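The values are calculated or read from the model by the stated rules, or taken from the named source; none is laboratory data. All values derive from a computational prediction rather than experimental measurement. Neighbour counts run over all protein chains shown; Cβ positions are idealised from the backbone, glycine included. Heavy atoms of the whole protein, side chains included, go into the accessibility calculation; ligands, DNA and RNA do not. Shrake-Rupley method; radii C 1.70, N 1.55, O 1.52, S 1.80 Å.
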Amino acid sequence: MPLWKKYLLFLWKSTNQHGVHSPFVFRLVTQCFYRREKIPCTHYPKGITTKKGQFLLRLVKYFDPKSIKIYSDSKDFASLFPSSLTEITSEQKDMIILYQRDNKPIAEELLAEMHNDSILILVSPHHKENENFFKELSENKAFTVVIDTFFFALFFVRSEQERESFVIRN
């Protein structure tokens with residue numbers, strides 16, 4: 001299916017903060033997704049628009065991770081984030097970002113790097129290179145919260161929450 005048809009289908013199924021019944025997700029949507037503050041950034045990596053870059057920077061500001069692991073085909077993608085966050089070598093990461101088309105890690109590898117408050121972000125989940133991987137991650141029962149914003153997919157492992165999936169306009 002062409003990407004534009006997928007986007008129309010996404011718009012049909014998606015909701016905003018009023019359709020969210022999880023306090024965790026409601027707070028995330030209202031205090032991060034829909035906040036339009038500009039976070040200073042001088043360089044956006046190839047393939048990341050200003051809007052997408054600002055969304056990623058808002059997520060980093062909202063969750064305030066102590067460590068970020070980046071899987072990327074693009075050499076300059078890590079330059080979007082403070083180097084102090086991406087150079088930490090601890091086993092488990094607070095935030096994992098997947099921005100690659102080939103050689104994706106398997107779900108079990110990603111889960112081994114996550115803890116209860118970690119977030120996994122898949123960039124461009126609806127592109128044909130990522131479709132099957134996005135579906136595989138979405139169906140994995142270890143991820144208790146899955147949020148699809150069309151341009152990003154967010155996966156959480158939260159032991160204190162029942163499994164739920166959300167399709168949210170950003």
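For the reader, a short list of remarks on this structure follows.
- Output for segment 40-71, where each listed residue is surrounded by 15 or more Cβ atoms within 10 Å (Cβ to Cβ) and hydroxyl-bearing (Ser, Thr, Tyr): TYR44, TYR62, SER67, TYR71
- Test for LYS6: is it open to solvent by 80 Å² or more (accessible area, probe 1.4 Å) and either at pLDDT 85 or above or within 24 Å of LYS104 (Cα to Cα) (or both): no
- Count - residues of segment 29-46 that are free of Cβ contacts under 8 Å to residues at least 60 places away in the same chain and in contact with a strand residue (DSSP E or B) (Cβ under 9 Å, 6 or more places away or on another chain): 1
- The lone criterion from (1) modelled with pLDDT under 80; (2) open to solvent by 70 Å² or more (accessible area, probe 1.4 Å); (3) of a type outside the set (Val, Ile, Thr) left unmet by PHE26 is number (1).
- Residue in segment 73-89 that is closer than 19 Å to PHE134 by Cβ, in contact with a Phe, Trp or Tyr (Cβ under 9 Å, 6 or more places away or on another chain), modelled with pLDDT of 90 or more and of a type outside the set (S, T, N, Q) present: no
- In the condition set (1) within 21 Å of GLU109 (Cα to Cα); (2) buried (at least 19 other Cβ atoms within 10 Å of the Cβ), LEU80 is compliant with all but (1).
- Boolean, LEU120 is more than 28 Å from LEU9 (Cα to Cα) and of a type outside the set (D, E, K, R): no
- Residue in segment 73-90 that is closer than 22 Å to GLN31 by Cα, in a loop (DSSP other than H, G, I, E, B) and not aliphatic (A, V, I, L, M) present: yes
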